[in-house]
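The values are calculated or read from the model by the stated rules, or taken from the named source; none is laboratory data. This is a predicted model, so every value here is computed, not measured. Cβ placement follows ideal geometry from the backbone for every residue including glycine, while neighbour counts extend to all protein chains displayed. Quick note on the areas: whole protein, heavy atoms, side chains included, nothing else; ligands and nucleic acids left out. Shrake-Rupley method; radii C 1.70, N 1.55, O 1.52, S 1.80 Å.
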Amino acid sequence: MNEKKLKVSIFGAGYVGCVSAGCLVKDGFEVVAVDPDSYKVDAISAGNSPIYEPGLSALIKSGVDNGMLSATSDFKKAVLETDVSFCCTGTPSQEDGSLNTGYVKLVSEQIGEAIREKEGRHIVVMRSTILPGTVEAEVIPALEKSSGKKVGTDIGLAYYPEFLREGTAISDYYEPGAIVFGKYEDDEESVKALMALCAQIPVKPHVIPIRSAEIVKYTNNCWHAVKISFSNEIGNLCKSVGIDSHVVMDVLCADTRLNISRAYMKPGFAYGGSCLPKDLRALRHFGKVHNISTPVLDAAVEANEYQLDRAFRLVNRGGARKVGMFGLTFKPDTDDLRESPLVLLAERLMSKGHKLSIYDPNVSAIDDGGRNFVPHLADFIKSSADEVTSEVDTIIIGIKNDQIREALKNARGGASIVDLVRLPIEAPEGVHYEGLVW
């Protein structure tokens, strides 16, 4: 497919649709904007942007003037005259907080209806913000039913989430933090089409499964909401005692090794240790003393307890009474057991009658006066990883260690492995493997 000859129909001439249209036209692609609203169609046809966004009006006018941009309400004509259709319709919230995907389904049906009359393969690209599973549950059935054709063969499909901020949308389009292409099964052609359409953008796209791509936008926006709420909470605490919160947050942001970085951003087990639990308790109490609510900090504690509970339920639901644990310290490469979530997990399992076998290279079964000894678990400490795998029916992986990886190869048939840290392993035949959050 000739990259420069791709023609694009964009369903939904709202914010995302208009910005996408303006930028694609600027990059040399012919675009047809499709919308049932005659005001939007008339505005674009006259060379005007139906929405305000800095720099967008000039792109729309230029596109119309040079014949590269047009607008219509005739969805069939738009699909029949283009190679790729973008779905940029809104997905507003309903009263119960659920997502209204009615417009997405309608557009999918319209595109499918037009494809029924079209020869050759047409590519459908979802840009609307939709929850994981929406493409599979709603988009694909609507396309296939209305077209009578098969997605993946007759119809190309991809998901291309947008990360455009109002007021800076055009610069965000050309200088994104990341580009994501959700790939449907082995549909390379649709991904290549998106690569061609985004060739002017100097960022290498992340090509990931569609379900992963669907949740990326939500992950981003919820993370932004958490950061704003956390910053405001610290601001409230600081103001209560006359501290300039901007000075504090400037220092926080200056640390790009831990604070503004990839550190701590891999899902896994609960936190613990000598600092995080203690300091959270102290700052929450500080808030109570100064009559400042700390819902974000409170939620962090609740979320940590929930992760511990998830791990316990994952182990306990198997029904096995002999449980092995690899790891007991609160994190790898330390002998510190203070407020370790693995110790808490071991105590909970023990209280429910599970027989434990534990191996951690930094934990001792003998009290030598150090901090690597826990009296009530000492009888369960083994001297090697192999001792654990030979005795138990369920194995909990709490630390990453090459010795443990080797020992797991000898896990008994019928045993289960519960991985809390995503240790790269291949479970032996007949052994059930399950991760905590993947």
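With respect to (1) among the acidic types (Asp, Glu); (2) closer than 26 Å to Tyr306 by Cα; (3) open to solvent by 20 Å² or more (accessible area, probe 1.4 Å), the lone exception for Asp419 is condition (3).
Scanning segment 217-229 finds one or more residues that are open to solvent by less than 50 Å² (accessible area, probe 1.4 Å), out of contact with any helix residue (DSSP H, G or I) (no Cβ under 8 Å at 6 or more places or on another chain), among the charged types (D, E, K, R) and modelled with pLDDT under 95. Looking at segment 380-410 only, could you name the residues that are at pLDDT below 90, in contact with a helix residue (DSSP H, G or I) (Cβ under 7 Å, 6 or more places away or on another chain) and either farther than 13 Å from Pro361 by Cβ or crowded, with 23+ Cβ neighbours inside 10 Å (or both)? Within segment 380-410, just Asn410 meets the criteria. Mind checking which pairs have a first residue in segment 254-271 that is surrounded by 10 or more Cβ atoms within 10 Å (Cβ to Cβ) and a second that is of a type in the set (Val, Ile, Thr), Cβ under 8 Å, 6 or more apart or different chains? Filtered contacts from segment 254-271: Pro267/Val437; Gly268/Val421; Gly268/Val437; Phe269/Val421. Scanning segment 182-222 for residues that are of a type in the set (A, V, I, L, M, F, W, C), under 18 Å from Gly152 (Cβ atoms) and assigned to a helix (DSSP H, G or I) yields a count of 5.
Here is a check on your reading of the model: is Gly177 closer than 28 Å to Gly133 by Cβ and of a type in the set (Gly, Ala, Ser)? Answer is yes for this residue. Counting only residues that are more than 23 Å from Leu420 (Cα to Cα) and not small (Gly, Ala, Ser), segment 281-318 holds 15 of them. Every listed requirement among (1) part of a helix (DSSP H, G or I); (2) closer than 25 Å to Ser57 by Cβ is met by Gln110 save one, (2). The residues of segment 400-421 that are in a loop (DSSP other than H, G, I, E, B), under 21 Å from Asn316 (Cβ atoms) and either touching a residue at least 60 places away in the same chain (Cβ under 8 Å) or small (Gly, Ala, Ser) (or both), listed by number, are Ala411, Gly414, Ala415, Leu420, Val421.
Note on segment 26-81: residues that are surrounded by 16 or more Cβ atoms within 10 Å (Cβ to Cβ), in a helix (DSSP H, G or I) and of a type in the set (D, E, K, R) amount to 4. Considering every residue within segment 82-103, establish whether at least one is crowded, with 22+ Cβ neighbours inside 10 Å, part of a helix (DSSP H, G or I) and touching a strand residue (DSSP E or B) at 6+ places or on another chain (Cβ under 8 Å). No.
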